[in-house]
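The values are calculated or read from the model by the stated rules, or taken from the named source; none is laboratory data. Because the structure is a prediction, the values reported are computed rather than measured. Cβ: placed from backbone, ideal geometry, glycine included. Neighbour counts: every protein chain shown. Please note that ligands, DNA and RNA were not included when accessible areas were found on the heavy atoms of the full protein model with its side chains. Shrake-Rupley method; radii C 1.70, N 1.55, O 1.52, S 1.80 Å.
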Amino acid sequence: MKIILLGAPGAGKGTQAKMLQEKMGIPQLSTGDMLRAAVKNKTEIGLKAKAVMDSGNLVSDDIVNAIVKDRMQEPDCKNGFILDGYPRTLDQADALSEMLGDEKLDAVIEITVDDEAVVERIAGRYTCGSCGEGYHDTFKKPAKADVCDKCGSSEFKRRPDDNAKTVKERLFVYYKETAPLLGYYHAFRQLKSIDGMGDIDVVKAKIAEILAN
Ligand code: AP5
Ligand code: MG
């Protein structure tokens, strides 16, 4: 299956994509994660992307389209993938359509969340420094305090762009650059929207229902 998860920063795309990856055996392709890995490894792309990401703006379409195109050619994508955070502009949506050629998307799912909830979700987010499992100070704590449920590590980290100032910019950029994609996929009769304000498991069940139909 080829699935796109759309939604504002903090809407829960990564959380849901990780669970879908486990359930369906197809990879989560998160451009945010790929770019953060490039920044960490100080690659040419990472050096270009760092300041843009820290400010909450979008990395250039050329760079992002190229990394997605390369990633989709990896063998683990042969049965499909879950796109998380891509496409994010109309140009990226056109580029994706070109990459897919005759292959169709199975679902484009928008997770809708109030702006206030976005800020709360992002402010409390952290991840396991070892395996990347995502957590939240209030909404998703590890079963045993300070120990990752998945890998047992006690090292956690927070993203540098998860601060009040950058979140506002990311939301602004979302409405200006990414929200037009809702109309784009609606025009192709592919868009399904779900209320993302419920608990993680409630949102998960709504996505499962869409994918089952
Ligand atoms: P990216 O990493 O994609 O960030 P984002 O879109 O801002 O989205 P987030 O990762 O912040 O949110 P999410 O929806 O994944 O939420 P999560 O599941 O973690 O991009 C970062 C930057 O990279 C961009 O700003 C840009 O610079 C660049 N970039 C990336 N892709 C690009 C592209 N295509 N083009 C150009 N530039 C690009 O959940 C958030 C928190 O809430 C977690 O703590 C989680 O536990 C919690 N939570 C999740 N669901 C629920 C729920 N239902 N109830 C309560 N809490 C919940
Ligand atoms: Mg994410």
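Things worth noting here:
- Here G134 fits the description: under 23 Å from I3 (Cβ atoms), at pLDDT below 95, under 17 Å from the mean Cα position of the chain (by Cα) and surrounded by 14 or more Cβ atoms within 10 Å (Cβ to Cβ).
- Pairs with Cβ under 8 Å, 6+ apart, first in the stretch 35-53 and within 13 Å of ligand 1 (Cβ to nearest atom), second modelled with pLDDT of 95 or more and of a type in the set (F, W, Y): none
- Test: residue in the stretch 98-108 that is in contact (Cβ under 8 Å) with a residue 60 or more places away in the chain, within 13 Å of ligand 1 (Cβ to nearest atom) and open to solvent by less than 30 Å² (accessible area, probe 1.4 Å): no
- Any hit, the stretch 116-123, residues being in a loop (DSSP other than H, G, I, E, B), on the phi < 0 side of the Ramachandran plot, of a type outside the set (F, W, Y) and loosely packed, with under 15 Cβ neighbours inside 10 Å: no
- Members of the stretch 189-213 that are without any contact (Cβ under 8 Å) to a residue 60 or more places away in the chain, open to solvent by 40 Å² or more (accessible area, probe 1.4 Å) and not charged (D, E, K, R): V202, A205, A212, N213
- Just one of the listed residues (D149, D162) is touching a Pro at 6+ places or on another chain (Cβ under 7 Å), among the acidic types (D, E) and not in a helix (DSSP H, G or I), namely D149.
- Selection within the stretch 1-37: residues that are part of a loop (DSSP other than H, G, I, E, B) and more than 13 Å from ligand 2 (Cβ to nearest atom). The member of this set that is nearest to G85 (Cα to Cα) is P27.
- Among the candidates T127, T166, the residue that is β-branched (V, I, T), crowded, with 16+ Cβ neighbours inside 10 Å and in contact with a strand residue (DSSP E or B) (Cβ under 9 Å, 6 or more places away or on another chain) is uniquely T127.
- Count of residues meeting criterion [surrounded by 23 or more Cβ atoms within 10 Å (Cβ to Cβ) and among the basic types (K, R)] in the stretch 5-41: 1
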